[in-house]
Amino acid sequence: MSEVLLRAKDVVKYFPVQSGGLRRSREKVHAVDGVSLEVRKGETLGLVGETGCGKSTLARCLARLYDLTSGFVEFEGQDISKLKPRHLGLVRRDMQMIFQDPYGSLNPKRRVGSIIGDPFVIHNVASGADRKRRVQEVMELVGLNPEHYNRFPAEFSGGQRQRIGVARALALRPKLVICDEPVSALDVSIQAQVLNLLADLQTQLGLTYIFISHDLSVVRHVSDRVMLMYLGKVVESGPADEIYGHPRHPYSNALLSAVPLPDPRAVRERTRIVLEGDVPSPIDPPTGCRFHPRCPKAQERCAQEDPELVSRLGDDASHTAACHFPVADGEDLSRLYALHAEPGGGVSNELVASEIAQQSTDMTTEGGAE
């Protein structure tokens with residue numbers, strides 16, 4: 001897992017704003033703004049964030065379904081960010097996507113055998129009886145009945161349709177599969193089946209995954225490393241155990257406070273953090289840290305200086321956070337969030353320091369009592 005399969009550096013993707021008038025608008029949507037990442041062979045990188053944070057746009061940039069505004073993407077050491085469409089064919093044999101909607105990503109007028117067989121036709125790999133045989137092998141691999149080769153997508157359930165999408169993505173045995181919220185449109189019971197299928201296929205075929213989701217509990221189940229995005233930027237990144245056990249960014253803490261827990265007692269004892277306000281417009285994002293208008297620990301520095309994505313509070317170099325005032329272990333942000341939500345919200349440096357000092361005293365007292 002030490003060998004890097006895909007590397008992205010300072011990836012930026014802006015979309016021009018469509019104007020209804022005769023003049024062309026100069027405004028742009030800052031969908032992805034300076035994201036860097038590495039994906040190693042055999043691992044699963046989880047990409048998490050609220051709807052609209054830019055994670056799906058980033059995935060399409062990595063797969064070169066979108067052209068980059070700036071930055072570059074390397075796949076197996078080759079810069080693919082400026083490759084012409086005719087040269088992308090060989091790369092796309094090794095890099096495939098599974099899309100979110102199993103109902104919208106399959107052509108309802110085509111038979112399943114033709115849908116799964118498209119990669120063989122496009123890349124001129126197999127034809128005739130050989131193509132049919134290979135398609136049926138892939139169908140069996142993902143748990144579909146090969147005898148249903150001539151059925152239409154409407155004759156399958158939602159989980160089966162997503163298996164068709166998985167089969168299409170794996171037809172050419174790619175090295176990297178980008179899973180764009182592959183289970184969010186499925187029932188919970190079917191989600192588990194598809195997740196287990198993906199895990200089995202990864203072990204069996206040696207696949208590498210980029211797994212995109214807004215569901216932190218799902219991401220924890222499947223990922224080796226996790227990256228959290230907010231408004232086009234990465235706010236925290238690291239091994240899954242570190243992110244879930246020691247979140248450093250206030251945004252990460254807020255998201256993790258909403259993760260469902262199987263223990264009712266733990267649910268009662270936990271204070272859920274509710275983020276106040278709306279996500280700022282990606283057309284005109286805030287200066288400095290983009291989370292600062294909603295952050296209870298935000299100070300003047302946060303509005304002026306964009307924090308670097310580096311390790312904080314003595315964490316290992318693999319665990320990084322983009323926050324000037326990272327969250328310490330045991331620090332409870334719920335009181336600060338409550339103060340921040342009050343009319344005229346905004347928390348002073350003195351209040352933050354006082355709150356943290358009080359929490360430290362409480363933890364020391366509890367430790368002594370034990």
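The values are calculated or read from the model by the stated rules, or taken from the named source; none is laboratory data. Treat the numbers as computed from the prediction; the structure is a model and nothing was measured. Here the Cβ is made from the backbone with ideal geometry for all residues, glycine too, and neighbour counts use every protein chain on show.
Please work out if R134 is within 31 Å of the chain's Cα centre (by Cα) and either surrounded by fewer than 20 Cβ atoms within 10 Å (Cβ to Cβ) or not basic (K, R) (or both).
When the stated conditions are applied, R134 does not pass them.
Tell me, yes or no, whether the range 97-118 has at least one residue that is over 16 Å from V166 (Cα atoms), assigned by TED's automatic domain parsing to the domain that holds A167 and of a type in the set (A, V, I, L, M, F, W, C).
No: the range 97-118 contains no residue that is over 16 Å from V166 (Cα atoms), assigned by TED's automatic domain parsing to the domain that holds A167 and of a type in the set (A, V, I, L, M, F, W, C).
Can you tell me which of (1) surrounded by 16 or more Cβ atoms within 10 Å (Cβ to Cβ); (2) touching a helix residue (DSSP H, G or I) at 6+ places or on another chain (Cβ under 8 Å); (3) farther than 22 Å from L6 by Cβ is the one I212 doesn't meet?
The number of the failed condition is (3).
Which numbered condition in (1) among the aliphatic types (A, V, I, L, M); (2) farther than 24 Å from I122 by Cα; (3) surrounded by fewer than 15 Cβ atoms within 10 Å (Cβ to Cβ) is the only one that V183 fails?
Of (1) among the aliphatic types (A, V, I, L, M); (2) farther than 24 Å from I122 by Cα; (3) surrounded by fewer than 15 Cβ atoms within 10 Å (Cβ to Cβ), only one is false for V183: (3).
Of all residues in the range 148-158, count the ones that are free of Cβ contacts under 8 Å to residues at least 40 places away in the same chain and either outside any helix (DSSP H, G or I) or among the small types (G, A, S) (or both).
3
Take L65 and decide whether it is more than 19 Å from K233 (Cα to Cα), in a loop (DSSP other than H, G, I, E, B) and under 22 Å from the mean Cα position of the chain (by Cα).
Against the criterion (more than 19 Å from K233 (Cα to Cα), in a loop (DSSP other than H, G, I, E, B) and under 22 Å from the mean Cα position of the chain (by Cα)), L65 qualifies.
When you go through (1) out of contact with any helix residue (DSSP H, G or I) (no Cβ under 9 Å at 6 or more places or on another chain); (2) at pLDDT below 90; (3) crowded, with 21+ Cβ neighbours inside 10 Å one by one for A338, which number turns out not to apply?
Condition (3) is where A338 drops out.
With the requirement that a residue be modelled with pLDDT of 90 or more and either part of a helix (DSSP H, G or I) or within 16 Å of N253 (Cβ to Cβ) (or both), what does the range 264-292 give you?
Correct list: C289, F291, H292.
Which residues, taken from the range 74-115, are in a loop (DSSP other than H, G, I, E, B), of a type in the set (S, T, N, Q) and surrounded by 17 or more Cβ atoms within 10 Å (Cβ to Cβ)?
Within the range 74-115, S81, Q100, S105 qualify.
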